[in-house]
Amino acid sequence: MAFGTDHLVATREALRTLYRPPHRLVVDKERPIIDDATRAFITRCPFVLVGTVGGDGTADVSPRGGPSGFVQVLDDRHIAIADLSGNNRLDTLENIVANGQVGLLFMMPGQGETVRLNGTAYLTTDPEILGGFPAELKVPKVAIVVTVVGTYIHCAKAMQRSNIWDPATWDAYADVPDGAAIIVCQNLVGDEVTADMVRADLADGYAHDLAEERR
């Protein structure tokens with residue numbers, strides 16, 4: 001079943017009739033280089049979402065996190081992201097090898113504005129780059145190097161609407177299924193395994209992997 005196709009918006013022209021034109025400053029804010037303030041934001045940032053596209057056109061978004069410095073700013077047009085331990089599906093890395101187009105969203109705890117960065121990426125095992133990540137981390141197997149095409153600040157309205165940084169709102173989501181509940185619902189582990197068992201196993205696995213990637 002296709003939903004909403006009786007009212008399909010299928011052209012740029014049709015889309016633009018639904019929205020007012022963007023302000024000139026919104027259009028002009030995109031820059032092809034990393035300025036000093038954006039450099040400081042990225043260098044300190046502990047969390048980034050990485051969007052990629054595979055060779056077959058399939059899109060994917062993956063979260064990446066680490067201590068400040070797990071993303072290096074190499075110069076005003078290049079950054080490097082440490083590939084820390086994951087689930088070894090390698091969706092992001094395989095997509096970069098196949099396509100190389102990336103979109104990044106850097107999120108800073110407590111801040112509403114985010115930094116968006118779009119560009120092209122490749123993987124490297126360059127010892128100089130791999131050795132430049134925080135000293136408390138083991139040297140990663142590879143780094144993702146991104147060449148900047150455009151970067152700009154994204155407004156805070158999504159954060160403000162969601163209240164995502166407001167601890168007073170968090171209890172309202174206490175009943176939302178967590179990863180363990182979803183795994184059990186999908187019957188990935190068998191009928192005899194409970195969500196509490198999966199939850200404990202996940203916690204042990206996270207603790208082990210995070211400890212292993214530290215020096």
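The values are calculated or read from the model by the stated rules, or taken from the named source; none is laboratory data. Since the structure is predicted, the reported quantities are computational estimates derived from the model, not experimental observations. So basically every Cβ, Gly included, is an ideal-geometry build from the backbone, and we count neighbours across all protein chains shown.
I'm trying to understand the selection: among the residues of region 102-153, which are in a helix (DSSP H, G or I) and either among the hydrophobic types (A, V, I, L, M, F, W, C) or not assigned by TED's automatic domain parsing to the domain that holds Ala80 (or both)?
The answer is Ile129, Leu130.
Anything in region 1-58 that is in contact with a Gly (Cβ under 9 Å, 6 or more places away or on another chain) and either without any contact (Cβ under 8 Å) to a residue 24 or more places away in the chain or of a type in the set (Ser, Thr, Tyr) (or both)? List them, or say none.
Of everything in region 1-58, those that are in contact with a Gly (Cβ under 9 Å, 6 or more places away or on another chain) and either without any contact (Cβ under 8 Å) to a residue 24 or more places away in the chain or of a type in the set (Ser, Thr, Tyr) (or both) turn out to be Thr43, Thr52.
What residue, of Val189, Val115, Val142, Val149, is surrounded by 15 or more Cβ atoms within 10 Å (Cβ to Cβ) and modelled with pLDDT under 95?
So the residue among Val189, Val115, Val142, Val149 that is surrounded by 15 or more Cβ atoms within 10 Å (Cβ to Cβ) and modelled with pLDDT under 95 is Val189.
Please go through (1) in contact with a Lys or Arg (Cβ under 8 Å, 6 or more places away or on another chain); (2) under 28 Å from His23 (Cβ atoms) for Cys155 and return the number of the only condition it doesn't satisfy.
(1)
Of the residues Pro46, Pro63, which single one is surrounded by fewer than 20 Cβ atoms within 10 Å (Cβ to Cβ), within 17 Å of Ala121 (Cβ to Cβ), within 13 Å of the chain's Cα centre (by Cα) and in the same structural domain as Val115 (by TED's automatic domain parsing)? Walk me through it before giving the result.
On the way: Pro46 fails: within 17 Å of Ala121 (Cβ to Cβ).
None of the others qualify; the one that does is Pro63.
Restricting the search to region 54-99, which residues are over 22 Å from Ile42 (Cα atoms) and in a strand (DSSP E or B)?
Within region 54-99, Ala59 is the sole residue that qualifies.
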